[in-house]
1. Given the C-alpha centroids of the range 272-343 and the range 63-117, what is the distance between them in whole angstrom?
2. Quick one: Karplus J couplings for the range 263-273, per residue in order, coefficients 6.51, -1.76, 1.60, θ = phi - 60°, nearest Hz, x for Gly and Pro?
3. Helix 154-165: angle to the longest alpha-carbon principal axis of the chain, degrees 0 to 90, nearest 10?
4. Per residue of the range 290-295, what does 6.51 cos²θ - 1.76 cosθ + 1.60 with θ = phi - 60° give for ³J(HN,Hα)? Whole Hz please, x for Gly and Pro, Karplus curve as stated.
5. I'd like to know which of 194, 233, 165 lies farthest towards the positive end of the charge dipole of the chain, counting +1 on Cβ of Lys and Arg and -1 on Cβ of Asp and Glu.
6. Using modelled backbone amide H atoms (1.01 Å from N, in-plane), which distant-in-sequence or interchain residues come within less than 5 Å of residue 305's amide H?
7. Considering only DSSP beta bridges whose two residues both sit in the chain, what percent are antiparallel, to the nearest 5?
8. Pairs of Cα atoms under 8 Å, at least six residues apart: use those to get the relative contact order of the chain, whole percent.
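Any read-out appearing in this document is the output of simple, stated calculations on the displayed coordinates, not a laboratory observation. Source: prediction; values computed, not measured. When we count neighbours, we look across all protein chains shown, and the Cβ atoms used for this are built from the backbone with ideal geometry, even at glycine.
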Amino acid sequence: MRIYPNCLKTTLFASILLAFSCTDESTTSPTPPVTDAPVAIYVPAFNADSAFGYVQAQVNFGPRVPNTKAHETCKNYLISSLKSYNCSVTAQTYTVTAYDTKKLKGTNVIAAINPTVKENRILLSAHWDTRPVADQDNQKQTEPIDGANDAGSGVAVLMEIARVLQTDTTFKLGVDIILWDCEDYGQPANSGFPNMEDSYCLGSQYWAKNKPIDYQPKFGVNLDMVGAPGTVFYKDGVSLQYAFGVVEKVWKAAANAGFGNVFVNNTTGATMTDDHLYVNTIAKIPCIDIIHHDASTPSNFPISWHTHNDNINAIDKNSLKAVGQTLLQMLYEEQEIIKKNAN
Ligand SMILES: [Zn+2]
């Protein structure tokens, strides 16, 4: 019943519902008005072609492994692109020590939309570095992967959202887009090094311990592996534990945007260690993870996860569209909620 693909049809659908409810009330019985109808609000279209281009651009630099040339050039590309959309961009630089004792030079790229708004800011994030090894592949395990999906896809969705939001002067909400670094340098099995706890997500851990902001965002949404064909998202355990209301909000927005079939109304039964964990536990900001769950694989991640098949051919514009449009829907619905609460 709620399958409608874009903002125009959302509005149309709501109008039809309201029309029916009025007709019912005036001509037949005193049926109460429909209260759970999607609100007829303007939501701009998310351009999946544009988002795909951002995935391609990242992959073209080569694997974005910390301390490499490709990593550096991609960082400059992300910063200059976000600046070109008039975002207020800052680079949080740091050095972290990886499981293999290497010192990684990291940069969290932070783009603020409506930076003067200090209340009710929303955090959107994804990691922009890529895995240095293909430890889930049968071949070339020591070589780095393209990371088109993990997590070029999430970065691409957020780049497109930044571009779209900055073209809409009616959008007044404060949004912080954070592109984490040093997420995927985590310790592989049988690495030969002593076990290191929390070896993934070093950039978000650093940010959470050294927040470069003087306010507390209201909530956060992290994206990871959002571009594979046939992607579906389940509600993960950490998200439900720390940010139940945010899960409900985003899944509802997905249904309203016509992507209830992608955001499945079920749980993974798993707890996900991803950047959102540290935003919740260290930064104390309720944050959820939108991450591909595939129950048919041993890892429960897409089959291309941490393999050389995680390349541009593993990206489907339909998946990018579902996530990007859902996030836009959520942001514009949130703007309405805040407006109503202010009145
Ligand atoms: Zn990964």
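1. 20
2. With the stated coefficients, the range 263-273 comes to 8, 6, 7, 7, 9, 7, x, 10, 9, 9, 8 Hz.
3. The angle comes out at about 40 degrees.
4. Karplus-based 3J(HN,Hα) across the range 290-295 equals 9, 9, 4, 10, 10, 5 Hz.
5. Looking along the dipole axis, the top candidate is 165.
6. none
7. 45
8. Relative contact order here is 22 percent.
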